[in-house]
Amino acid sequence: MNKILKNGLGLLILGVVAYNSVYFKKLDEVKKGNGKNTLDAKVYANSFYQDKILKNVDKSIEINELTNKLKTNPEETFKQYAHSLGIGNIRYFLVKATGKVTKINENTIDIEVDGKPYSVATEFIFGNAVRDASGIITMTTFENTMDFNNVSSELNEIIRNKVVPDLKKKATLGSQISLIGAIELNQKHLKLNEIEVIPVFLSDK
Amino acid sequence: MKNYLFLILLVFGCQPKTTDTSPKKVAVIISTLNNPWFVVLAEAASAKAKELGYEAKIFDSQNNTALETDHFDNAIASGYDAVLFNPTDADGSVVNVKKAKEAGVAVFCIDREVNSADAATSQILSDNYSGCVSIGKYFVETMNKKGKYVELLGLVGDNNTWNRSKGFHSVVDKFPDLKMVAQQSADFDRNKGLEVMESILQAHPDITAVFCGNDAMAMGAFQALISSGKANQVKVFGFDGADDVLSSIKSKKISATCLQFPKLMAQTAAIFADEYFKGKRDFPKKMPVAVELVSQKNIADYE
């Protein structure tokens with residue numbers, strides 16, 4: 001009887017030790033674990049949008065003032081107001097605009113700001129305009145190429161899911177809208193008649 | 001006598017040390033000079049380094065990682081102070097960059113990256129992802145958000161291949177009526193682009209667009225489309241801004257490409273090396289260089 005008890009106890013102890021010695025994890029979880037040091041683009045984009053972009057909207061320039069400056073002194077205006085994480089001709093501006101809705105299209109809403117027409121994007125919310133226009137973000141924040149691409153992509157998701165639906169609701173034909181937006185311009189091939197504003201934030205006035 | 005000796009030592013021994021006034025040396029190590037694209041990179045980097053007052057020499061790795069290792073060994077042994085580097089292999093070249101770093105030689109990668117976050121002082125690279133976001137946007141617009149298409153990928157082991165593909169799909173995949181019916185590699189090669197496109201067309205004769213990860217494949221795909229009589233049915237999109245593709249955009253054969261700026265990348269690497277010699281240390285690990293969408297809408301700007 002004692003022998004049976006001893007063997008049983010021994011087997012139990014062996015079982016407990018064996019059970020605690022081996023762990024099974026899903027491969028997906030392991031991969032996620034290995035990526036601990038990579039940036040969580042969604043979390044970063046959310047906090048960047050709330051804590052940085054929205055708190056720095058006063059850095060925006062009125063859109064007609066910007067286009068006038070670009071006409072008279074493009075080089076200096078780019079130097080003073082344009083931003084970009086990278087180098088090259090593509091630069092971004094943070095603008096503010098208050099205008100009357102003149103047309104609602106499939107991909108854009110046309111507005112008139114003191115007689116000058118602009119398009120506000122409602123469908124093609126892509127690219128780096130929202131990320132770069134404020135000039136707050138710097139390249140040294142990122143170690144991986146995909147990190148800064150993913151942040152752009154997540155910021156655009158925020159605009160697509162939060163800002164655009166509100167804009168579409170408010171922007172009825174003939175109504176007045178005010179917004180903070182981001183625009184992309186090519187410094188070398190400047191086209192002021194093709195400006196498309198990506199809405200960043202809808203303001204009350 | 002002892003006093004004379006002391007005097008001689010005092011006079012000659014206390015002369016100030018002659019400082020080394022020879023210019024710093026910059027090695028330009030390039031994956032291959034058998035391709036005009038990389039020749040432009042090499043010459044632009046070398047010329048800018050010389051313009052900044054440094055001695056510069058170009059080394060051709062002939063797409064051979066072993067030869068590249070020899071060049072690094074020689075550059076380190078010969079007292080080069082910085083390397084402007086276009087790697088042969090994103091993984092295989094890491095060891096060379098690390099070796100240089102250990103020897104106190106700063107390395108600045110141009111156009112192609114190495115898969116290491118901290119080996120190179122900085123990596124100056126085309127913003128492939130963002131370029132393909134703009135191509136993707138133009139693709140969706142010209143396709144009116146619907147249709148079947150195929151994608152020709154570059155070398156599957158190359159980071160540029162996937163950055164381009166991811167950028168494109170980050171846009172196009174948001175439009176469910178655009179359906180990718182085939183995705184195959186043609187190794188960035190014109191002849192392979194032709195062959196792969198021929199076989200794809202047999203299986204999917206009803207496609208209306210092809211997105212290619214570079215212009216060489218786009219030209220190959222376009223040739224296949226001409227042979228099959230589908231050049232007017234299928235829109236072709238490339239990447240690079242090669243001269244033959246720019247003229248094909250002008251003659252409405254190719255829809256669009258993205259123009260890269262090899263000279264700007266190479267010159268920036270030389271400027272970074274100059275700043276490094278002058279004491280700067282906080283370089284961005286990756287410095288993206290904007291690429292520009294060239295389409296039938298704006299081709300006049302790029303003639």
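Every read-out reported here was derived from the displayed coordinates using simple, explicitly stated rules and does not represent laboratory data. Quantities reported herein were computed from a predicted structural model and do not represent experimental measurements. Because the Cβ atoms are built from the backbone with ideal geometry, glycine has one as well, and the counts that use them run over all protein chains shown.
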Inset, instruction - Exposed loop chymotrypsin sites (Phe, Trp or Tyr not before Pro) only (DSSP loop, at most 16 other Cβ atoms within 10 Å): please give the longest stretch of chain A free of them, not including the sites. - result: A:25-205
Legend entry - Shape category assigned to region A:47-205 from the gyration tensor of Cα positions, a/c cut at 1.5: oblate
Inset, instruction - May I ask which residue of B:S93, B:G131, B:V107 lies farthest towards the positive end of the charge dipole of chain B, with charges of +1 (Lys, Arg) and -1 (Asp, Glu) on Cβ and the Cα centre as origin? - result: B:G131
Legend entry - Dipole moment magnitude, nearest 20 debye, chain B about Cα centre, only Lys, Arg, Asp, Glu C-beta charged: 620
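Over region B:68-156, what is the relative contact order in whole percent, taking alpha-carbon pairs under 8 Å and six or more residues apart? All intermediate terms of the calculation are to be shown ahead of the outcome.
On the way: 89 pairs, mean separation 19.7, N = 89.
Reported relative contact order: 22 percent.
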Legend entry - Lys/Arg +1, Asp/Glu -1 at C-beta; region A:152-198 dipole; positive extreme among A:S175, A:N193, A:S153: A:S175
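For each pair in B:K174/B:K250; A:K103/A:K170; A:K96/B:K146; B:K137/B:K179, compute the distance between the two Cα atoms and list the pairs where it is over 22 Å. Walk me through the numbers on the way to the answer.
On the way: B:K174/B:K250 29 Å; A:K103/A:K170 13 Å; A:K96/B:K146 34 Å; B:K137/B:K179 15 Å.
The pairs that break the limit, which is 22 Å between Cα atoms, are B:K174/B:K250; A:K96/B:K146.
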Legend entry - Cα convex hull volume per residue for region B:85-147 (Å³): 93
Legend entry - Relative exposure of A:L85, A:L155, A:L70, B:L84, judged by other C-beta atoms within 10 Å (fewest first): A:L70, A:L85, A:L155, B:L84
Inset, instruction - Label chain B by shape, choosing from rounded, prolate and oblate, from the square roots a ≥ b ≥ c of the eigenvalues of the Cα gyration tensor; if a/c is under 1.5 it is rounded, and otherwise prolate applies when a/b is larger than b/c, oblate when it is not. - result: prolate
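Count charges around A:D58 for me, please; just the other residues with Cβ under 13 Å from its Cβ, Lys/Arg as +1, Asp/Glu as -1. Numbers along the way, then the final one.
Details: positive: A:K52, A:K55, A:K59, A:K96; negative: A:E62.
Once positives and negatives cancel, what remains is +3.
Where nothing but the Cβ of Lys and Arg (+1) and of Asp and Glu (-1) is charged, how large is the charge dipole of the protein assembly as shown around its Cα centre, in debye to the nearest 20? If you can, show how the numbers build up before the last one.
Working: 61 positive and 60 negative charges, 266 e Å.
Magnitude of the dipole: close to 1280 debye.
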Inset, instruction - Could you please state, rounded to a whole Å, how far the C-alpha centre of region B:226-240 is from the C-alpha centre of region A:125-186? - result: 33
Inset, instruction - Compare B:G279, B:G147, B:G131 in a GNM of chain B, Cα atoms joined below 10 Å, and give the one with the largest fluctuation. - result: B:G279
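Quick one: what do you get for region B:44-167 if you divide its Cα Rg by 2.2 N^0.38 Å?
Relative to the 2.2 N^0.38 Å estimate, region B:44-167 comes out at 1.32.
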Legend entry - Values of log10 I(q)/I(0), in the order q = 0.08, 0.12 Å⁻¹, for the protein assembly as shown under a Debye, Cα-only, solvent-free model: -0.60, -1.17
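Starting with the fewest neighbours, write out A:S153, B:S185 ranked by other beta-carbon atoms found within 10 Å of each beta-carbon.
Fewest-to-most Cβ neighbours within 10 Å comes out as B:S185, A:S153.
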Inset, instruction - Calculate how steeply helix B:65-77 sits against the longest principal axis of the alpha-carbon atoms of chain B, using the helix alpha-carbon long axis, and give the answer as 0 to 90 degrees to the nearest 10. - result: 20
Inset, instruction - Could you give the size of the charge dipole of region B:247-303 about its Cα centre, using +1 on the Cβ of each K and R and -1 on the Cβ of each D and E, expressed in debye and rounded to the nearest 20? - result: 180
Legend entry - Simple label model, 7 Å out from Cα along Cβ direction - B:S247 to A:D40, nm: 5.4
Inset, instruction - Report the net charge of residues surrounding A:S119, where surrounding means a beta-carbon distance below 10 angstrom and charges are Lys +1, Arg +1, Asp -1, Glu -1. - result: -2
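Can you list the trypsin sites (Lys or Arg not before Pro) in region B:264-303 that are in a DSSP coil and have 10 or fewer other beta carbons within 10 angstrom?
Values: sites: B:K278, B:K280, B:R281, B:K285, B:K286, B:K297; in loops: B:K278, B:K280, B:R281, B:K285, B:K297.
Passing sites in region B:264-303 are B:K278, B:R281.
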